[in-house]
Amino acid sequence: MPPFRIAVDRETCYGAGECALRAPRVFGLDEVKKAVVLDPRGADDETVRSAAAACPVAAIVLVDVATGRQVQP
Ligand code: SF4
């Protein structure tokens, strides 16, 4: 099981692409330039956290699967 449940708030996402740049196997941009989760296990935990933290509008939500705690934003 991946360590984080990852969700993208697509209303808030405006396609800056920081997430996909930092973790290109985890995040991608779809045809309307909104972020999608490609593979929650596509990078190590720290890379996923830093990609989520880099979103300028905090559109990426990370929940620690083990604790149920939201760790981002
Ligand atoms: S960094 Fe944020 S705004 Fe940019 S594509 Fe990713 S989720 Fe969307």
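Taken together, the values in this text are just the output of simple stated rules run on the coordinates, not laboratory data. For clarity, every value in this text was computed on a predicted model and none was experimentally measured. Virtual Cβ from ideal backbone geometry, glycine too; neighbours counted across all protein chains shown.
Working only within the stretch 55-70, note down all residues that are over 10 Å from residue 5 (Cα atoms) and either surrounded by 16 or more Cβ atoms within 10 Å (Cβ to Cβ) or of a type in the set (Val, Ile, Thr) (or both).
55, 57, 59, 60, 67
Being among the small types (Gly, Ala, Ser), in contact with a helix residue (DSSP H, G or I) (Cβ under 8 Å, 6 or more places away or on another chain) and in a loop (DSSP other than H, G, I, E, B) is the filter here; which residues of the stretch 43-73 pass it?
43, 54
Out of the residues in the stretch 1-24 that are over 12 Å from residue 59 (Cβ atoms) and surrounded by fewer than 13 Cβ atoms within 10 Å (Cβ to Cβ), which is farthest from the ligand (Cβ to nearest atom)?
Selected residue: 1.
Looking at the structure I just gave you, is residue 43 surrounded by 18 or more Cβ atoms within 10 Å (Cβ to Cβ), touching a strand residue (DSSP E or B) at 6+ places or on another chain (Cβ under 6 Å) and not aromatic (Phe, Trp, Tyr)?
Values: surrounded by 18 or more Cβ atoms within 10 Å (Cβ to Cβ): yes; touching a strand residue (DSSP E or B) at 6+ places or on another chain (Cβ under 6 Å): no; not aromatic (Phe, Trp, Tyr): yes.
No; evaluated as a whole, the condition is false for this residue.
Output the residues belonging to the stretch 25-58 that are within 17 Å of residue 71 (Cα to Cα), near the ligand (Cβ under 9 Å from one of its atoms) and more than 8 Å from the chain's Cα centre (by Cα).
Correct list: 54, 55, 56, 57, 58.
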